[in-house]
Amino acid sequence: MPLAPEYQAMFAALGETPAPKITDMTPDQGREMYRLARPLNPEIAVGAVADRSILGPAADVPLRIYTPEGEGPFPVFVNFHGGGWVIGDLDTADAVCRDICRTAGCVVVSVDYRLAPEHEFPAAVDDCYAATLWVSEHMAEVKGNGRLAVGGESAGGNLAAVVCQLARDGDGPDISFQLLLYPVTDCDLERDCYQEDSGGMYLDGPTMEWFWRFYCPDPDKRRDPRASPLRAGDLSGLPPALVITAEFDTLRVEGREYAEALRDARVPAEWLHCEGLIHDFLATAAVFKVSRPPFEHACLALRTALQG
């Protein structure tokens, strides 16, 4: 189907003041652009928001903890932000984390993992796994009830999938659910969808090449399942999943393939494909009607999975 009218209008407005492509930017410039695109939204009220840091594998890892209204304890969702492992931070994930906290009724722990190119693969993986371990061991401190899920958008979905594999293989924390929102699951830049004209896509092949070049410069290392979770030899025994993809998104095929691979491994996995939508569409879930139904579907799936 065609691009949703709300996004057509958005792209038309953006086209009136053309901006440089992220592939022509430095990482610092890309980070600033992303902050402008995904601003803080304190109007999405939750019970409490607190920043803290934990000891990570190489340095402190900042967290932002969103707690719902009420006494609790609550189930806990650990969120890894998107941004191609190069851009993004606690602030760019703030609006979505607030909305998940309020809509799904869970504590959301947002993780500010180290970014490339200053910290190449697997630094982000190490930080995200360390943060998940910390949350599982400090449930009372975050007002958690012991039920734990992980997830994220794009590169954050990649990291969530990898954390689930590491937890399974390393006898790590018991993760009840993984919420993979238009995730990166493979490093193959020769896929047909990477070669297509960008059209209405917010994320295209050259942009993904830019991200991979900074995150994992060595193509051989990209085949590591910690970078490309679709390449894991065994996906059995992983937590149930919801994988959401968008029609106008370069990552749509590998997202579907990961959901199918989970099912083939007898892991309960729902695949929700959203026609007319673009990559990163949850950033507009609080303002665009077309983005709201899949966001609420994700929150219902999260809430249901964490009820046990």
Only one of these is modelled with pLDDT of 95 or more and over 30 Å from Asp91 (Cβ atoms): Ala298, Ala246, Ala232. Name it. Ala232
Filter pass, Glu32 being more than 20 Å from Ala285 (Cβ to Cβ) and assigned to a helix (DSSP H, G or I): yes
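Consider the stretch 56-85. How many of its residues are over 13 Å from the mean Cα position of the chain (by Cα) and not in a strand (DSSP E or B)? Give the steps one after another, and end with the answer.
Kept after step one, since they are over 13 Å from the mean Cα position of the chain (by Cα), are these residues of the stretch 56-85: 56-76.
When the remaining residues are screened for being not in a strand (DSSP E or B), the result is 56-59, 68-73.
Residues meeting the conditions: 10.
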I need the full set of residues from the stretch 186-235 which are buried (at least 19 other Cβ atoms within 10 Å of the Cβ), in contact with a helix residue (DSSP H, G or I) (Cβ under 7 Å, 6 or more places away or on another chain) and not in a helix (DSSP H, G or I), in order please. Asp186, Cys187, Cys216, Arg226, Ala227, Ser228, Ala232, Leu235
Test result for Gly172, surrounded by fewer than 19 Cβ atoms within 10 Å (Cβ to Cβ), touching a helix residue (DSSP H, G or I) at 6+ places or on another chain (Cβ under 8 Å), in contact (Cβ under 8 Å) with a residue 12 or more places away in the chain and on the phi > 0 side of the Ramachandran plot: no
With respect to Tyr113, determine if the residue is touching a helix residue (DSSP H, G or I) at 6+ places or on another chain (Cβ under 9 Å), within 30 Å of Asp224 (Cα to Cα) and of a type in the set (Ser, Thr, Tyr). yes
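Restricting to the stretch 1-24, name every residue that is in a helix (DSSP H, G or I) and surrounded by fewer than 10 Cβ atoms within 10 Å (Cβ to Cβ).
Ala12, Ala13, Gly15
Per-residue answers, yes or no, for (1) in contact (Cβ under 8 Å) with a residue 40 or more places away in the chain; (2) among the acidic types (Asp, Glu):
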{"site": "Ala246", "(1), (2)": "yes, no"}
{"site": "Asp249", "(1), (2)": "yes, yes"}
{"site": "Val253", "(1), (2)": "yes, no"}
{"site": "Leu272", "(1), (2)": "no, no"}
{"site": "Gly276", "(1), (2)": "yes, no"}
{"site": "Ala283", "(1), (2)": "yes, no"}
{"site": "Ala286", "(1), (2)": "yes, no"}
{"site": "Lys289", "(1), (2)": "yes, no"}
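The values are calculated or read from the model by the stated rules, or taken from the named source; none is laboratory data. The structure displayed is predicted, hence computed values, not measured ones. Cβ atoms come from the backbone with ideal geometry, glycine included; neighbour counts cover every protein chain shown.
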